[in-house]
Amino acid sequence: MKSALAPLGVLALGAMLIACSSGAQAGGTSVGTTGGTVAPLCAGTELAATHPLNLAQPADFVGFMDGVNQHAAADSVWLDSTGTACATALDKAACAAKVHDARIAYDHALGNGNGSTFYRLIITRGDAVEVIGNDNLLDTIGAVDTSSEAVLYLISQGYSFDCHAEDKALPSVATGATGIEITTRYLNGICDPKGGLERRHVSVHPDATIEILDKTLISPGSPGSCG
């Protein structure tokens, strides 16, 4: 059975949402969980990526940050976070040191470089600290049944979310008949003149199937850029 954040994390939720607090509510209810069209997934220029989450195992803290080409700076701010890091750790100093090391690790980045940014997802449970990447994301979230889980999974599959989009194609989310429907972007062959950067409206099913409902070409590929 999937679980929300551990109680201490939930109590601290309001104080710890760094970048996207306007999209979340205490108790685990937020965008993408009640049906119908809801607000864009961007809060300002940042992406709501940690709320709501319905993890396979309870956690004290989930932090989402820029991976900077798979190498995160130790002083980088959380782009989004939920809960309190090391809240239930017996050795809080040792746990905090593990979080520091996880922030600058080279392994387990989210994203595949297909026109998308690399990100880092860090979870604390008691004294344990885990970095979540493409290879262990589904084990961590279980069924994809919240908007943030759909966002994280799409990132792991090469999709991108541009909260600075000049064409106003900001990511948006709604619950559909078969899954969570999200407007996103996908680079479908940068060197292929028949491909390029696409705006895609997709449905992410609970079993992690991605169904493309609609797609529009934003800019074509350029063979000359690949030399």
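The values are calculated or read from the model by the stated rules, or taken from the named source; none is laboratory data. Since this is a predicted model, take the numbers as computed values, not measurements. Using ideal geometry, Cβ is built from the backbone for each residue, glycine included, and neighbour counts are taken over all protein chains shown. Heads up: the accessible areas ignore ligands, DNA and RNA and are worked out on the full protein's heavy atoms, side chains in. Shrake-Rupley method; radii C 1.70, N 1.55, O 1.52, S 1.80 Å.
Miscellaneous remarks
- Search result, residues across the range 48-79 that are of a type in the set (Val, Ile, Thr), open to solvent by 40 Å² or more (accessible area, probe 1.4 Å) and at pLDDT 75 or above: VAL77
- In this entry, ILE123 passes the filter for residues that are crowded, with 20+ Cβ neighbours inside 10 Å, in contact with a Phe, Trp or Tyr (Cβ under 8 Å, 6 or more places away or on another chain) and not basic (Lys, Arg).
- Residues in the range 198-219 that are open to solvent by 40 Å² or more (accessible area, probe 1.4 Å), in contact (Cβ under 8 Å) with a residue 40 or more places away in the chain and within 15 Å of SER172 (Cβ to Cβ): 0 in all.
- Candidate set: the range 137-174, residues that are part of a loop (DSSP other than H, G, I, E, B), surrounded by fewer than 23 Cβ atoms within 10 Å (Cβ to Cβ) and among the aliphatic types (A, V, I, L, M); chosen: the one modelled with the lowest pLDDT: ALA169
- Selection of first residues in the range 133-150 that are under 17 Å from LEU79 (Cβ atoms) and of second residues that are small (Gly, Ala, Ser) and open to solvent by less than 60 Å² (accessible area, probe 1.4 Å), restricted to Cβ pairs under 7 Å at least 6 apart or on distinct chains, gives the following pairs, ordered by first then second residue: GLY133/ALA109; LEU137/SER156; SER147/GLY32; SER148/ALA48; SER148/ALA49.
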